[in-house]
1. Just to verify a result, which residue in the range 51-78, among those that are outside any loop (DSSP other than H, G, I, E, B) and hydroxyl-bearing (S, T, Y), is farthest from the chain's Cα centre (by Cα)?
2. Just name the residue that is nearest to R67 (Cα to Cα) out of those in the range 1-44 that are at pLDDT 90 or above, open to solvent by less than 30 Å² (accessible area, probe 1.4 Å) and assigned to a loop (DSSP other than H, G, I, E, B).
3. Tally time: how many residues in the range 79-110 are hydroxyl-bearing (S, T, Y), part of a loop (DSSP other than H, G, I, E, B), free of Cβ contacts under 8 Å to residues at least 60 places away in the same chain and out of contact with any strand residue (DSSP E or B) (no Cβ under 7 Å at 6 or more places or on another chain)?
4. Which condition number does G115 fail, the rest of (1) at negative phi; (2) open to solvent by 30 Å² or more (accessible area, probe 1.4 Å) being met?
5. Pairs please, first residue from the range 47-71 and closer than 17 Å to T91 by Cβ and aromatic (F, W, Y), second anywhere and outside any strand (DSSP E or B) and open to solvent by 50 Å² or more (accessible area, probe 1.4 Å), Cβ atoms under 6 Å, 6+ apart in sequence or on different chains.
6. Within the range 88-112, take every residue that is of a type in the set (V, I, T) and open to solvent by 30 Å² or more (accessible area, probe 1.4 Å) and give me the one that is farthest from the chain's Cα centre (by Cα).
7. Could you tell me how many of the residues in the range 45-87 are open to solvent by 30 Å² or more (accessible area, probe 1.4 Å) and among the aliphatic types (A, V, I, L, M)?
Amino acid sequence: QVQLVESGGGLVQAGGSLRLSCAASGRSFSSYTMGWFRQAPGKEREFVAAISWSGGSTYYADSEKGRFTISRDNAKNTVYLQMNSLKPEDTAVYYCAVRQRGTTVVAVSNYDYWGQGTQVTVSS
């Protein structure tokens, strides 16, 4: 049974940092691009960041460039999202996912396995 479990969310003040983790079990995803998405109340799920299977290529939404860093440890089957300089507008549930189709990393529809999400709340 494939499972992705996110952790590391919480409540933080604006300007603070959090490090999210996504641990995969049930199979290895070391050959696949992994992504982070987020969904705020009343809004659609949106792309945050993605990383290629080797970690050699990373992709970010424009609003996250320079503040967030995605990384992965294939030996641990884990993907991370380091979030710095957090803003209240970063408040959302953050999800990790595995991309197994398509050519773009930003499309939700190109990702198959999803975690249950971890809540990130940034207070002003």
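1. Keep residues of the range 51-78 that are outside any loop (DSSP other than H, G, I, E, B), which gives 51, 58-60, 62-64, 68-73, 78.
Retained after the next criterion (residues that are hydroxyl-bearing (S, T, Y)): 58-60, 63, 69, 71, 78.
Details: T58: 12, Y59: 11, Y60: 10, S63: 14, T69: 10, S71: 10, T78: 11 Å.
Only one residue fits best here, namely S63.
2. G16
3. To start, the set of residues in the range 79-110 that are hydroxyl-bearing (S, T, Y) comprises 80, 85, 91, 94-95, 103-104, 109.
If we keep only those that are part of a loop (DSSP other than H, G, I, E, B) as well, we get 85, 91, 103-104.
Adding the requirement that they be free of Cβ contacts under 8 Å to residues at least 60 places away in the same chain leaves 91, 103-104.
Narrowing the set further to residues that are out of contact with any strand residue (DSSP E or B) (no Cβ under 7 Å at 6 or more places or on another chain) leaves 103-104.
Matching residues across the range 79-110 total 2.
4. Among (1) at negative phi; (2) open to solvent by 30 Å² or more (accessible area, probe 1.4 Å), the lone unmet condition for G115 is (2).
5. F47/V106
6. Here is the first cut: in the range 88-112, the residues of a type in the set (V, I, T) are 91, 93, 98, 103-106, 108.
Within this subset, residues satisfying the condition of being open to solvent by 30 Å² or more (accessible area, probe 1.4 Å) are 91, 93, 103-104, 106, 108.
Values: T91: 13, V93: 10, T103: 18, T104: 16, V106: 12, V108: 12 Å.
The qualifying residue farthest from the chain's Cα centre (by Cα) is T103.
7. Looking only at that region, the number is 1.
The values are calculated or read from the model by the stated rules, or taken from the named source; none is laboratory data. Everything numeric here is computed off the predicted structure, so don't read it as measured data. Using ideal geometry, Cβ is built from the backbone for each residue, glycine included, and neighbour counts are taken over all protein chains shown. Side chains are part of the model used for accessible areas, which takes the heavy atoms of the whole protein and leaves out ligands, DNA and RNA. Shrake-Rupley method; radii C 1.70, N 1.55, O 1.52, S 1.80 Å.
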